[in-house]
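The values are calculated or read from the model by the stated rules, or taken from the named source; none is laboratory data. Here the structure is a predicted model, which is why all the values come from computation and not from measurement. Backbone-built Cβ (ideal geometry, glycine too); neighbour counts: all protein chains shown.
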Amino acid sequence: MPELPEVETIRLGLRKYLVGHEIVDVDVSLPRIFSGDSKQIIGAKVQRIRRFGKGLLIDLDNDYSIAVHVKMTGQVLYRKVARASRVSQVPLAKVDVNDLPDKYTHIIFKLKSQNAKLKNASKNSKIDNDAFLFYRDMRQFGWVKVVLTKDAGDLAFFKNLGPEFFKDLDSKKFSEILKRNKKPVKQVIMDQSKMAGVGNIYANDGLYDAGINPKKAANSLTLKEQEKLFKSLEKVMKKGIAVGGASEWSYVDILGGAGQYQNFFQVYNQKGKPCNKCGSLIEKINLGGRGTFFCPACQK
Ligand SMILES: [Zn+2]
């Protein structure tokens with residue numbers, strides 16, 4: 001499931017490729033995952049892209065926004081109408097955008113770039129487009145909503161979000177949250193209503209980096225451990241952003257390319273492999289319904 005580094009990578013891609021485009025049409029083939037009035041966004045231009053935890057907000061120039069949550073397997077993909085030649089494709093493509101839309105593509109945004117010189121432009125410029133944004137989702141847990149920008153904060157997802165890493169969560173607030181909770185520390189740092197951004201991959205690797213056992217009660221950590229864990233979580237997520245996220249499953253960037261963090265997993269998905277620090281074998285347990293990986297020697 002995409003976490004902060006993966007969704008941030010999508011945001012950076014949208015900022016690079018989508019901003020400035022006008023939405024000329026919206027085609028929804030799976031109404032269950034789309035809400036709001038698509039007519040409100042036709043003719044509007046994309047102004048900026050914001051991320052809240054694992055959610056995205058595409059702000060338009062007409063007071064409306066498109067909120068997107070990719071959940072488990074959602075993908076946001078951009079393609080020029082003119083198909084890319086095979087040689088100029090993304091080198092690590094997992095999804096070939098030339099093959100879209102396919103059966104998993106549920107929403108198609110037709111786009112026109114600001115200064116597009118459209119080939120074969122007809123007089124009816126409303127239907128001419130030079131790029132697409134596809135929302136693709138195999139398991140269909142994600143969603144796309146058209147909302148008034150000023151009301152976006154009222155969406156349940158955004159409303160219930162705790163303070164966020166790299167934004168309004170600092171080491172002091174982080175410590176206070178841990179002190180108030182007696183659940184296992186791993187469950188507390190993954191609870192998006194308490195703090196936003198960390199999911200299973202970076203929780204596992206962050207706890208390992210800090211040398212803290214994931215089962216330890218959150219309120220039993222010493223101040224030193226709290227501070228170390230905060231730094232370690234930001235450290236592993238920064239690494240995730242730097243390498244474009246983790247693509248061990250369906251996550252891809254907006255051009256269909258794979259991220260590389262799966263090549264840097266420290267304990268996540270490493271059951272039975274030797275610990276990089278001490279050589280003990282990485283163990284796996286179930287904690288709060290999630291696969292939890294740790295080194296029994298290094299994480300006390
Ligand atoms: Zn170890």
Open item on the list: Suppose we filter the stretch 261-280 for residues that are near the ligand (Cβ under 9 Å from one of its atoms) and surrounded by fewer than 16 Cβ atoms within 10 Å (Cβ to Cβ); how many remain?
Closed with: 6
TODO: Consider Q75 carefully, then state whether it is touching a Phe, Trp or Tyr at 6+ places or on another chain (Cβ under 9 Å), in a strand (DSSP E or B) and in contact (Cβ under 8 Å) with a residue 24 or more places away in the chain.
DONE: yes
Task: Conditions (1) more than 16 Å from the ligand (Cβ to nearest atom); (2) in contact with a Gly (Cβ under 7 Å, 6 or more places away or on another chain): number failed by A242 - done: (2)
- [ ] Sort out which residues of the stretch 9-46 are charged (D, E, K, R) and out of contact with any Gly (no Cβ under 8 Å at 6 or more places or on another chain), and write them in order of number.
- [x] R11, R15, K16, D25, D27, R32, D37, K39
Task: Failed item in (1) farther than 23 Å from K179 by Cα; (2) assigned to a loop (DSSP other than H, G, I, E, B), with Q262 passing the rest - done: (2)
Open item on the list: Of everything in the stretch 201-238, what is farther than 16 Å from Q299 by Cα and either of a type in the set (S, T, N, Q) or outside the structural domain of N286 (by TED's automatic domain parsing) (or both)? Give them in sequence order.
Closed with: N219
Task: Flag if Y251 is assigned to a helix (DSSP H, G or I), away from the ligand (no atom under 16 Å from the Cβ) and buried (at least 24 other Cβ atoms within 10 Å of the Cβ) - done: no
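Determine which member of the set G272, G197 is in contact with a helix residue (DSSP H, G or I) (Cβ under 8 Å, 6 or more places away or on another chain) and at positive phi.
Among G272, G197, only G197 is in contact with a helix residue (DSSP H, G or I) (Cβ under 8 Å, 6 or more places away or on another chain) and at positive phi.
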- [ ] Just name the residue that is surrounded by the fewest Cβ atoms within 10 Å (Cβ to Cβ) out of those in the stretch 281-300 that are under 29 Å from the mean Cα position of the chain (by Cα), more than 7 Å from the ligand (Cβ to nearest atom) and among the hydrophobic types (A, V, I, L, M, F, W, C).
- [x] I285
Open item on the list: Residues that are modelled with pLDDT under 95 and either in contact with a strand residue (DSSP E or B) (Cβ under 6 Å, 6 or more places away or on another chain) or surrounded by fewer than 20 Cβ atoms within 10 Å (Cβ to Cβ) (or both): list the helices (runs of 4 or more DSSP H) wholly contained in the stretch 147-229 that include at least 2 such residues.
Closed with: 156-159
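In the set N200, N219, N181, which member is farther than 25 Å from I58 by Cα and within 18 Å of the chain's Cα centre (by Cα)? Let's see the steps before the verdict.
Details: N219 fails: within 18 Å of the chain's Cα centre (by Cα); N181 fails: within 18 Å of the chain's Cα centre (by Cα).
Just a single option satisfies the conditions, and that option is N200.
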- [ ] Name, by its number, the condition in (1) crowded, with 16+ Cβ neighbours inside 10 Å; (2) within 16 Å of the ligand (Cβ to nearest atom) that does not hold for E234.
- [x] (2)
Task: Candidate set from the stretch 1-49 (those that are in a helix (DSSP H, G or I) and among the charged types (D, E, K, R)); member that is farthest from A242 (Cα to Cα) - done: K39
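Do the conditions hold for K194, that is, is it under 19 Å from L12 (Cβ atoms), of a type in the set (K, R) and more than 16 Å from the ligand (Cβ to nearest atom)?
Against the criterion (under 19 Å from L12 (Cβ atoms), of a type in the set (K, R) and more than 16 Å from the ligand (Cβ to nearest atom)), K194 does not qualify.
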- [ ] Report, ordered by the first and then the second residue, all pairs with beta carbons closer than 6 Å, sequence separation of six or more or different chains, a first member in the stretch 275-290 that is within 17 Å of A210 (Cα to Cα) and assigned to a loop (DSSP other than H, G, I, E, B), and a second member that is away from the ligand (no atom under 14 Å from the Cβ) and among the small types (G, A, S).
- [x] none
